[in-house]
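Here the structure comes first, spelled out in structure tokens, and everything after it is commentary.
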């Protein structure tokens, strides 16, 4: 794990209260979480030092599985270029795809990690110079031990409210 200081966050991707605007497209909460993640990248991109961002996935098949939302974010040929590892523009940000097998050793900017495995989290942790990380897990947090351990290790903060149980305590 890189000891470099970085700000770390996660999204409860099963939170039904994720922005409802995405419901217009008939997207599930996990898919809406990806849109929130790209919005996070664009917010960071207002700082010129954070204009270049990585989107980390385990393998290209994950991008195919998330294509319903990614093709809305990366219309036209941008999605195909993105899958080939070419940098593409998404509003203010320039995003480049990385996988656990094809990734840089250093990166000066944020990383959006979509549906990670433990191996992918370890790869992201090993990249020097990363400034910010946002995790969008596939499973609910209480069913995803590697993501839960990563959140604890980096003291990651949620970027949206967690779901509430009937007792009023946040699920983790």
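The values are calculated or read from the model by the stated rules, or taken from the named source; none is laboratory data. On a predicted model such as this, the values are computed, not experimentally measured, just so you know. Glycine gets a Cβ as well: all are built from the backbone with ideal geometry, and neighbour counts include every protein chain shown.
Some points to look at:
- Every condition in (1) at pLDDT below 80; (2) touching a strand residue (DSSP E or B) at 6+ places or on another chain (Cβ under 9 Å) holds for residue 134 except the one numbered (1).
- Members of the range 67-89 that are at pLDDT below 85 and buried (at least 19 other Cβ atoms within 10 Å of the Cβ): 69, 70, 73, 74, 82
- Qualifying residue in the range 17-34 (condition: in a loop (DSSP other than H, G, I, E, B), within 20 Å of residue 116 (Cβ to Cβ) and modelled with pLDDT of 85 or more): no
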